[in-house]
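First the structure, in the form of structure tokens, and then the observations on it.
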Amino acid sequence: MLDYILKNAKLFVDGQFRSVDISVGEGRIVSIASVLPVFPNATVINLHHAAVFPGFVDVHVHLREPGFSSKETICTGTRSAARGGYAHVCSMPNLNPVPDCMENLERQLDIIRKDAAVHVHPYGSITVGEQGEALADLPAMAPYTAGFSDDGKGIQDRAVMRSAMEEARRLGKIIAAHCEDNSLLRGGYIHDGEYARLHGHQGICSESEWGPIARDLLLAEETGCKYHVCHVSTKESVEHIRQAKARGVDVTCETGPHYLVFHDMDLQEDGRFKMNPPLRSEEDRQALVAGILDGTIDMIATDHAPHTAAEKAKGLAGSAMGVVGLETAFAALYTHLVRPGILSLAQLMALLHDHPARRFGFGTPLAEGQPADLTVFDLDTAYRVDPEQFQSMGRATPFAGMELYGVCKLTMVDGKIVWQEEEQ
């Protein structure tokens, strides 16, 4: 039985567009053909030659539930993901309670089963309470998680990280590391660069990120652990990872859209420009782009991190760390990297779907018989980013007010429409 026929689609496959119709039934893509007849009882949606991509995969989001539902909920966060074209997201474990055992993880899984609009793959924490000391119950949680992370906090103790890697290796799971050396922070809250010096702000040095990365890469090499570096932001981090890959270390990494578009001299005295790690120098930004082009950086993740308006209203010094990104990611990257010719659209799809899917084991190609996880974008229409229109409860984004190309018209997960743009 067919549920939908998507007429006049531009299907992006193997780096090229094909003009096709797509039929969907019982949660899967039934057929892809140049022209499909209209079937009784099937809902016909005319895509007007909009682009169809596999539903994106974001391996780093904060859904804030349980524990911090004043910032975001699994319902609002996954609706935000759907509007951004995402079919799969990995939720970070800095929650209350921290998912450090099955009892705590189950609380999150219950809400996911009830409220999630897209596929949610939670991380379990690496250590009990994300305190960086005793290992969490990794074996019990392993079958239900995307991997393990203490995101929001760097693991300071080398021996603890080594033990975690050895256990993750035994379990066949990924360690996704937030790399931050607390001893080097010294009260900083933006990048220790030109803007900080000009405006009298406390800076965060680059070594606070690349130092722990260098340590962990050696541990990953010794233990054989699958190691993933979260939110890479410095040129030194890129170089350490590049060299480790050349040595055969089992490492992947991500960066975020904001690190590829902005640098520290774009900062404004506004909490919507404050995140951790911070926006770095233009030299760092260019190194990140180079890392994407040569394959050192494997994927782009949003680090979607919503906070309340009050928490983000205290300027650069006083605001909470974190910005939202699910609803602007594709358009920002398409506008600033693909349209100027820095990246091809095929390269962007590899970063948003193919590479994270291969590393983490979820995501589906656009093919007959596959789950109907897909997204539809009008690539020719520009819009101005208005955070008040977000599905997310978070509003803080450095992209506010910018004109971006790429409007998400529809997202489908398991053959169900989870986002559809209202026709104007």
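The values are calculated or read from the model by the stated rules, or taken from the named source; none is laboratory data. In this text the structure is predicted, and so the values were computed from the model without any measurement. Note: ideal-geometry Cβ built from the backbone for every residue, glycine included; neighbour counts use all protein chains shown. Areas reflect the complete protein model, heavy atoms only, side chains present, ligands, DNA and RNA absent. Shrake-Rupley method; radii C 1.70, N 1.55, O 1.52, S 1.80 Å.
Points to keep in mind about this one:
- Pairs from 173/314; 10/312; 71/114; 153/235 whose Cα-Cα separation, in the structure shown, is over 29 Å: 173/314; 10/312
- Extension reserve of the residue 246-residue 416 stretch, reckoned as 0.36 nm per residue once the Cα distance is removed: 57.0 nm
- Residues in the range 253-277 reached by a label modelled at residue 199 [backbone nitrogen below 15 Å; 7 Å Cα→Cβ]: 262-276
- For the range 1-58, the share of DSSP beta bridges that are antiparallel, to the nearest 5, is 70%.
- Here r is the Cβ-Cβ distance between residue 183 and residue 96 and R0 is 25 Å; the resulting FRET efficiency, rounded to 0.05, is 0.40.
- Among beta bridges that DSSP assigns inside the range 79-220, antiparallel share in %, nearest 5: 10
- Computed over the chain, the ratio Rg/Rh where both radii use C-alpha atoms and Rh is Kirkwood: 0.96
- Among the protein heavy atoms, those of residue 195 account for about 10 Å² of accessible surface (1.4 Å probe, every chain in place).
- Working from the Cα coordinates of the range 71-142, the gyration tensor eigenvalues give, after taking √(5λ), semi-axes of 24, 11, 10 Å in decreasing order.
- Surface share of carbon and sulfur [accessible, 1.4 angstrom probe, percent] for the range 91-208: 45
- Here the spin labels are modelled as points 7 Å beyond Cα on the Cα-Cβ line, and at residue 321 and residue 140 they lie 2.9 nm apart.
- Accessible area per residue for the chain is 38 Å², calculated with a 1.4 Å probe on protein heavy atoms, without ligands, DNA or RNA.
- Per-residue accessible area (protein heavy atoms, 1.4 Å probe) orders 153, 274, 10 as 153, 10, 274, starting from the largest.
- Computed with a 1.4 Å probe on the full set of protein chains, the accessible area for residue 210 sits at about 70 Å².
- Sorting 405, 144 on solvent-accessible area from highest to lowest, probe radius 1.4 Å, gives 144, 405.
- Close amide H pairs (under 5 Å, H built 1.01 Å from N) link residue 418 with 411, 412, 413, residues at least 5 positions away or on another chain.
- Site pair residue 44 and residue 166 shows an inter-label distance of 6.5 nm when each label is modelled 7 Å from Cα along Cα→Cβ.
- Helix-only mean residue ellipticity at 222 nm for the chain, each DSSP H run of n ≥ 4 adding -39500 (n - 2.57), per residue, nearest 500: -7500 deg cm²/dmol
- Counting DSSP beta bridges with both ends in the chain, the antiparallel % (nearest 5): 55
- Taking label points 7 Å from Cα along the Cα-to-Cβ direction, residue 346 and residue 114 give a separation of 4.6 nm.
- Area of residue 107 that stays accessible when all protein chains are in place (1.4 Å probe, Å², to 10): 130
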